[in-house]
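Report on one structure; see the data block that follows.
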Amino acid sequence: MQSMTYSRTADVAATVEQINRLHFAGADIVRVAVPDYEDAEALKAIRAQTSLPLVADIHFNYRLALIAAESVDCIRINPGNIGEKSRVKEVVKACSERNIPIRVGVNCGSLEKEFEERYGQTAKGMVESALYNIKFLEDLGFTDIKVSLKASDVERTVEAYRTLRPLVDYPFHLGVTEAGTVFHATIKSAIGLGTLLLEGIGDTLRVSITGELEKEIEVGRAILKDSGAAKEGLNIISCPTCGRIEADLVKAVAEVEEKTRHIKTPLNVSVMGCVVNAIGEAKSADVAIAYGKGSGLIMVKGEVVAKLPEEQLVGRFLQEVEKMAKEAE
Ligand code: SF4
């Protein structure tokens, strides 16, 4: 799970503060933009203050990659704007010496001129650009490569990754780029990245959300969990409520979500508003509440373990969840 800081990278204190926030939120890798020499030179001090793997994001100026390579764990170059191949060669040499990978980060909006002219801003154009640049690195004897093929819409993104997958054997970093604000970015990323992950495509991912740090991680982790790519935390099954509802289910589910956020053990739990579907869902849940009128059942692994008044149900449910999570540790 990767994300990116939005501070000026040269502002070491602000960048480290954002990296720490991302680390705390659950990021595994952090990328920082390196648009200028001051930013490249700040990486050494940043590196010293975090244990998270760092990726330097380089556009246009290959010299920045040469400086960054001394401090980071991966260099992302956009082949569309890095310029002459002799420059890429120097980046390859620096990365080889430091034993760090290069991400060929193809973006649909900034393809090399030749590919854009031939294919337009299409999935095919992205794939051809990636293949060309991968071959270029391979011809230099460099194979510590990862690849991304990002477009700002789901369709081209999915098509590009699907097309490239059978053609190369390198890890893929997934993302729908410039995906917008929280609501839109969540939907685009869930469809695009979720589709690819369900097909077994993807090794790292970034959810791109305008101006949000922790949300990127929260959404990304949810995509990993709900696509089955990562087994961690609670899968909470709760009904949408309807006219048959017998309890304040909205409040109960909010409390369950809040108080179980820290649990990393993968568990299926269900919180259901009446007996219509509650017993059925409880059968496949590790822990469940089935609300009735003024009271309800607590079920563990499909078996009823208690019948309690409504106000005691969430407390008992949380006890059972904590117990099961501890036992599974
Ligand atoms: Fe309605 Fe009951 Fe289904 Fe919830 S479980 S949506 S309250 S019928």
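Every read-out reported here was derived from the displayed coordinates using simple, explicitly stated rules and does not represent laboratory data. The structure presented is a predicted model; accordingly, all values stated were derived computationally and were not measured. Every residue, glycine among them, receives a Cβ derived from its backbone with ideal geometry; neighbour counts consider all protein chains shown.
Here the chain is treated with +1 on each Lys and Arg Cβ and -1 on each Asp and Glu Cβ, and its dipole about the Cα centre works out to around 340 debye. A full extension of the chain between Glu90 and Asn268 corresponds to an added length of 59.0 nm, given 0.36 nm per residue minus the alpha carbon distance. Applying the Karplus relation 6.51 cos²θ - 1.76 cosθ + 1.60 with θ = phi - 60° to segment 296-304 yields 3J(HN,Hα) values of x, 10, 9, 10, 10, 6, x, 9, 6 Hz, where x marks Gly and Pro.
For segment 186-222, the list of GluC sites (Glu not before Pro) that fall in a loop by DSSP and count at most 16 other C-beta atoms within 10 angstrom reads Glu199. When the chain is treated as a GNM with alpha-carbon contacts under 10 Å, the residue of Glu178, Glu84, Glu232 showing the greatest mean-square fluctuation is Glu84. Per residue of the chain, the DSSP helices (runs of n ≥ 4 H) give a summed -39500 (n - 2.57) that works out to -14500 deg cm²/dmol at 222 nm.
The lysine pair tally for segment 239-329, using Cα distances under 25 Å and a gap of 8 or more places or different chains, is 28. Note on the chain: with a GNM built from Cα contacts shorter than 10 Å, the maximum mean-square fluctuation among Leu308, Leu196, Leu64 falls on Leu308. What stretch of the chain, leaving out the sites themselves, is the longest with no trypsin sites (Lys or Arg not before Pro) in a DSSP loop having at most 14 other Cβ atoms within 10 Å? So the longest stretch without any such site is 1-230. Looking at segment 217-329, the DSSP beta bridges with both ends there are about 55 percent antiparallel. Calculate the translational D of the chain in whole µm² s⁻¹ from Stokes-Einstein, where the hydrodynamic radius comes from the Kirkwood formula applied to all Cα pairs, the temperature is 10 °C and the viscosity 1.306 mPa s. Reported coefficient: 73 µm²/s. When the Gaussian network model of the chain links Cα atoms closer than 10 Å, the mean-square fluctuations of Pro266, Pro53, Pro309 top out at Pro309. Exposure proxy shown here: for Met126, Met4, Met272, the number of other Cβ atoms within 10 Å sets the order, fewest to most, as Met4, Met272, Met126. Of all aspartates and glutamates in the structure, the ones whose alpha carbon falls short of 18 Å from that of Lys215, not counting any fewer than 8 places away in one chain, are Glu17, Asp28, Glu178, Asp226, Glu232, Glu257, Glu258. Annotation: extensible slack from Glu117 through Thr181 equals 20.0 nm (criterion: 0.36 nm per residue apart, minus Cα-Cα distance). Note on segment 1-154: Lys pairs 8 or more places apart or on different chains, Cα atoms under 19 Å apart, count 15.
Each of Val154, Val287 was scored by other Cβ atoms within 10 Å of its Cβ. Arranged with the fewest first, they read Val154, Val287. Fewest-first ordering of Leu149, Leu66 by other beta carbons within 10 Å of each residue's beta carbon gives Leu66, Leu149.
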